[in-house]
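Undergrad: My structure is below; once you've seen it, I'll send some questions.
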Amino acid sequence: MSYKGGKFIWHNGQIVNWDEAKVHVLSHALHYGSSVFEGIRVYKTPDGLKIFRLSDHIERLYNSAKIYRMPIPFAEHEIIKACKALINDNNLTNGAYIRPIAFRGYGEIGLAPKDDHPVDVSIAAWEWGTYLGAEALENGVDVCVSSWQRVAPNTIPTQAKAGGNYLSSTLISTEAKRLGFDEGIALSTDGMVSEGAGENLFLVKGGTLYTPPASSGILTGITRDTVIKICLRLGLTVNEQSINRESLYLADEMFFTGTAAEITPISSVDRIAIGSGERGPITEQIQSEFFGLFSNKTNDDHGWLESI
Ligand code: PMP
């Protein structure tokens, strides 16, 4: 078994067959969630395959590891090189999703890892289409506000993209799907809007965009940053500010951002239609600017498209 197009995995510097990339059941990360990871997209463009903001993702991986005092036994440039090579090794010519992970491996079982506790690094890549469904990019998704809150900033740091954080995301997403929604939005512990289970959130009101700030328990997404910069170029104002729950219901437009979700419009929250209930014009404009990067319609001013 493998994910579509996945044949080889980079594991601690070696290329191994997909089925042979295994860990010991007593690995620290399996018991305590002590892993940090990234999700990165590779797009097929007229100039060949390009990895979107690879260096920024790998920088975040190292920042996540730094927060947890987890030394990654490879240099950033080695991981960047390995991600690129893996796309060729797996012959992923239609684009791909790359998943690098660094984790506390098999050492002692105690909670506080000693300095010599092994840190393993793996990278997998496979073909992955749209995350929230093929039609979602156009028709939008129906979401709910979760009964589960985001982790508080003084409990688990949300700016680290760590495995353990995703217990929270799993509760939010599973609850939403169980109740017949496509995805869930969590509030932060102060009751303000935080983010989706695996996506950041933007809303549009009166032509201005609003997105929760880093202090609302979000992962500061790379797609979120991309959208903020796209808005700047389009002359649209984005306010990073606390958003209350009722503002969601009263928004003209709303969308999720994320590497997996890309830019996905939100049609309803708790079964209340957002605006007309259809993708709004500003959302469409931002989507077109974003996806234009991969068809050469949008200038890559920031050097976000990295060659393989
Ligand atoms: N929030 C959470 C909890 C996520 O898992 C993700 C996906 N990595 C995001 C936001 C969006 O981040 P990015 O745009 O960097 O993928």
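Undergrad: Within the stretch 161-177, is there a residue that is among the hydrophobic types (A, V, I, L, M, F, W, C) and over 23 Å from residue 270 (Cβ atoms)? Steps first, please.
TA: Pass one, the stretch 161-177, residues among the hydrophobic types (A, V, I, L, M, F, W, C): 162, 167, 171-172, 176.
Right, trim to over 23 Å from residue 270 (Cβ atoms) and you get 162, 167.
Scanning the stretch 161-177, I find at least one residue that is among the hydrophobic types (A, V, I, L, M, F, W, C) and over 23 Å from residue 270 (Cβ atoms), so the answer is yes.
Undergrad: Now for a separate question. Restricting to the stretch 244-260, count the residues that are open to solvent by less than 10 Å² (accessible area, probe 1.4 Å) and within 13 Å of residue 283 (Cβ to Cβ).
TA: Final tally of qualifying residues: 5.
Undergrad: Check off (1) open to solvent by less than 20 Å² (accessible area, probe 1.4 Å); (2) closer than 21 Å to residue 85 by Cα for residue 105 and give me the number that stays unchecked.
TA: Condition not satisfied by residue 105: (2).
Undergrad: Pick from the stretch 122-156 the residues that are open to solvent by 20 Å² or more (accessible area, probe 1.4 Å) and within 12 Å of the ligand (Cβ to nearest atom): which of them is farthest from residue 68 (Cα to Cα)?
TA: 131
Results for (1) of a type in the set (S, T, N, Q); (2) open to solvent by 50 Å² or more (accessible area, probe 1.4 Å); (3) modelled with pLDDT of 95 or more, shown as yes or no for each residue.
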{"site": "212", "(1), (2), (3)": "no, no, yes"}
{"site": "221", "(1), (2), (3)": "no, no, yes"}
{"site": "235", "(1), (2), (3)": "no, yes, yes"}
{"site": "242", "(1), (2), (3)": "yes, yes, yes"}
{"site": "287", "(1), (2), (3)": "yes, no, yes"}
{"site": "297", "(1), (2), (3)": "no, yes, yes"}
{"site": "301", "(1), (2), (3)": "no, yes, yes"}
{"site": "307", "(1), (2), (3)": "yes, yes, yes"}
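Undergrad: Right, another one. For the stretch 261-274, indicate whether the set of residues that are assigned by TED's automatic domain parsing to the domain that holds residue 161, more than 27 Å from residue 166 (Cβ to Cβ) and either loosely packed, with under 14 Cβ neighbours inside 10 Å or not hydrophobic (A, V, I, L, M, F, W, C) (or both) is non-empty.
TA: Scanning the stretch 261-274 turns up at least one residue that is assigned by TED's automatic domain parsing to the domain that holds residue 161, more than 27 Å from residue 166 (Cβ to Cβ) and either loosely packed, with under 14 Cβ neighbours inside 10 Å or not hydrophobic (A, V, I, L, M, F, W, C) (or both).
Undergrad: Cβ-Cβ below 6 Å, separation at least six or inter-chain, first residue in the stretch 24-48 and farther than 25 Å from residue 88 by Cβ, second of a type in the set (Val, Ile, Thr) and open to solvent by 10 Å² or more (accessible area, probe 1.4 Å): which pairs?
TA: 35/101
Undergrad: Tell me the strands (runs of 3 or more DSSP E) entirely within the stretch 26-119 that contain at least 2 residues that are within 25 Å of residue 262 (Cα to Cα), modelled with pLDDT of 95 or more and out of contact with any helix residue (DSSP H, G or I) (no Cβ under 8 Å at 6 or more places or on another chain). Working first, answer last.
TA: On the way: elements: 35-37, 40-45, 48-52, 96-104.
Ranges flagged: 40-45, 48-52, 96-104.
The values are calculated or read from the model by the stated rules, or taken from the named source; none is laboratory data. Since the structure is predicted, the reported quantities are computational estimates derived from the model, not experimental observations. All Cβ positions, glycine included, derive from the backbone under ideal geometry; neighbour counts span all protein chains shown. Each accessible area value is taken on the protein alone, full model and side chains, heavy atoms only, with ligands, DNA and RNA left out. Shrake-Rupley method; radii C 1.70, N 1.55, O 1.52, S 1.80 Å.
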